[in-house]
Structures are given as structure tokens and as C-alpha cells.
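Comments concern the structure below.
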Amino acid sequence: MDSIFHEKQEGSLCAQHCLNNLLQGEYFTPVDLSSIAHQLDEEERMRMAEGGMASEEYRTFLQQPSGNMDDSGFFSIQVISNALRVWGLELILFNSREYQSLMINPINEKAFICNYKEHWFTIRKLGQQWFNLNSLLTGPELISDTYLALFLAQLQQEGYSIFVVRGNLPECEAEQILRIIRVQQQQRPRLIGEDEAQTSAGRSAALSQTEVGFGVVDEVVDEDDELKRALALSRQDIDVEDEEADLRRAIQLSMQGAVMSNKSSESDLGNIKSGSTAGGQKDGQNETLTAEELRKRRQAYFDRQQQQAQSNIPQQPDPKSAGGSGSVNTGTEQDQQQKPSQ
């Protein structure tokens, strides 16, 4: 396969690549084909001038661009046919009635030139095998004898114009080698740019996958943040519950501490007076009275605090209460003594 000459596509110079791949060498350049195209244009101009240079048809012809070449590098079938005529080769339309009437098997021909939408490429026989030498491929493509007729029929169905190359092609190295050795192609060549397209598609897919990955990471991060917020809120609830529990325990301990202090005082007094059972019963009464008294005193204290918060006006002393019994004064003093324990 390495011995086969194969020009790859450059710009729109498919006609040049088609001819050189057919002849298996760098026989034509864009300048050569341009010269042939200009020569054809001049011949056409001279034929049009025969009808009169002042005619409307001639002036219209001069205004029209060349039909044999354009600025992109395209060349007409006339240019290709004239270029091959130098080598004694001619082109015959494959699907013409004249050629079809000959009933020639395609595998008995030497080469074909195909054209579709201004693209030219060559199919040539080298040794005993056929090769697709399309310049748009990364390399020569092996075509079996069985597949050749199907391949040509497919091209015709797709709208290709196919020309049979008649005449003796110049000798080439690939022809000499492939007469002795038959080649096998393990992997068919790709179209030029197909690898790049697949690479670009792969990169796009990788980028999309990366974006999806980032989305998954973001979702995981969001879930982690939500979990952290939930844990923080639960900790706040636990802290509030703990504070309320601590407050309740503090109140209970303060009440227990006041009761226990009164119990110990009464118990000591009972032990001094007598150690009898009657003394124990009296202690029980004092304990009950002391708890009731604590409740009343705490209620009175809370009532006074609420009244002060509502009015923010100092309370005027009640003359009656000021001159009242000493039991009230004693209660006030006792309240003041009990404030630290509360």
C-alpha cells in the first residue's frame, strides 16, 4: 500500500489530485491546469467571435465568467479531458448508450474518473486489484472485484457522473509491485477530518460529562449543606431543650435547698428540745408549712415584678399597710431573706 501514490485533498484542487492519482505521480500542477483552462476559454471566445464581435451573444459571453475554471480551483471535464489527451488517454461516459452497448465488465477496464458536485476522484486498477484513490480519504481504499460493480452502481444512484479511462496508462512503481504481490487491507481509510470530528465529538462528550459530574458534585455539596443546616437546627433545639431542662432543675434544686435548710433547722431545734417521736411529727408539720409559705412568697414576688414592668411607676406605700400589724412587715423581711435562695 505504501507504494501507491495518493495525493490528499488541498483546498478545491480535486481535479489536480484526481489526475495525479490516476497517473501515479505529480504530473500536473494548478498552473498547468489553469493554462489548459485559459486555452479552452480562448478557443471558445474565437468561436463566438465568428458570429460577429458586435453581436449580443458575443458581448454576453465576454461578461460571463470562465466555464472551465474558477477562483476556488475547480476545473471542468474539458480541462481534465485535454490534460489526459497529452498522454494518449480519452474519457468515455460510463452510462452512455454507446458504452453500455459494448457490454464490458467493469473489472476489465483500467480506471474510472468520477465527479459529483464539482468533486473529482479516481478509481484505478493496480496489478490485479482495484483501489479507490479519492483525495478525501486518508489513504487508498482496496475494492474487491465483486464489490466494484456494486460501488459504481451506488455512485450512479447518488448522482455521480462516471467516465471510463481508455488508453495505456504510464508505468508506475505500484503497478510493478502489485503485479507480484496482492495486498490485504485490515482497516479501511477514513475520510479526512473524520478523526478530528470524532475527537471534537469526544471532547464535547467529555465536557458534557464533566459538566454533569460538576452537577452531581454540586448536588452532593448541596445535600451536605442541607444536612449541616439540619444538624445545626437540631443542635439549637437540643440546646433550647437543655436550657429549659437546666432551668427546671435549678428551680427544683432551689426549692429543695430551701426546704432542706428549713428541715435541718427545725430538726436541730427538735433535737435540742426533745428526741421523741412527737418532735418528729412537729418537724413534718413545719416542713409542710415551709413549702406552702415558699410558694406564697414566690407568687407575691412575681406579682410585684409584673406590676412594676407594666406601670414603671414606683408604688406608693399604703398608709394602712404601713401602720398595720407586724405580721406583714415580718413577711416582707422574710421575703427579702428568701430572695437569695430563690
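The values are calculated or read from the model by the stated rules, or taken from the named source; none is laboratory data. On a predicted model such as this, the values are computed, not experimentally measured, just so you know. Because the Cβ atoms are built from the backbone with ideal geometry, glycine has one as well, and the counts that use them run over all protein chains shown. Ligands, DNA and RNA are excluded from the accessible area calculation, which covers all protein heavy atoms including side chains. Shrake-Rupley method; radii C 1.70, N 1.55, O 1.52, S 1.80 Å.
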Might you check whether a residue that is within 21 Å of Val86 (Cα to Cα), in contact (Cβ under 8 Å) with a residue 40 or more places away in the chain and not basic (Lys, Arg) occurs anywhere in segment 40-48? yes
Residue tally, condition in contact with a Leu (Cβ under 8 Å, 6 or more places away or on another chain) and open to solvent by 50 Å² or more (accessible area, probe 1.4 Å), over segment 138-152: 1
Can you say whether Arg166 is of a type in the set (Lys, Arg) and closer than 20 Å to His6 by Cβ, as far as the supplied structure shows? no
Among the residues of segment 50-69, is any more than 30 Å from Phe112 (Cβ to Cβ), open to solvent by 90 Å² or more (accessible area, probe 1.4 Å), of a type in the set (S, T, N, Q) and part of a loop (DSSP other than H, G, I, E, B)? yes
In segment 164-194, the residues that are touching a Lys or Arg at 6+ places or on another chain (Cβ under 9 Å), in a loop (DSSP other than H, G, I, E, B) and not small (Gly, Ala, Ser): Asn168, Leu169, Ile192
Does at least one position in segment 172-181 carry a residue that is loosely packed, with under 12 Cβ neighbours inside 10 Å and aliphatic (A, V, I, L, M)? yes
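Can you tell me which residue is most open to solvent (accessible area, probe 1.4 Å) among those in segment 153-171 that are aliphatic (A, V, I, L, M) and out of contact with any Asp or Glu (no Cβ under 6 Å at 6 or more places or on another chain)?
So the residue we want is Ala153.
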For residues that are part of a loop (DSSP other than H, G, I, E, B) and either surrounded by fewer than 21 Cβ atoms within 10 Å (Cβ to Cβ) or among the polar types (S, T, N, Q) (or both), tally how many sit in segment 5-47. 12
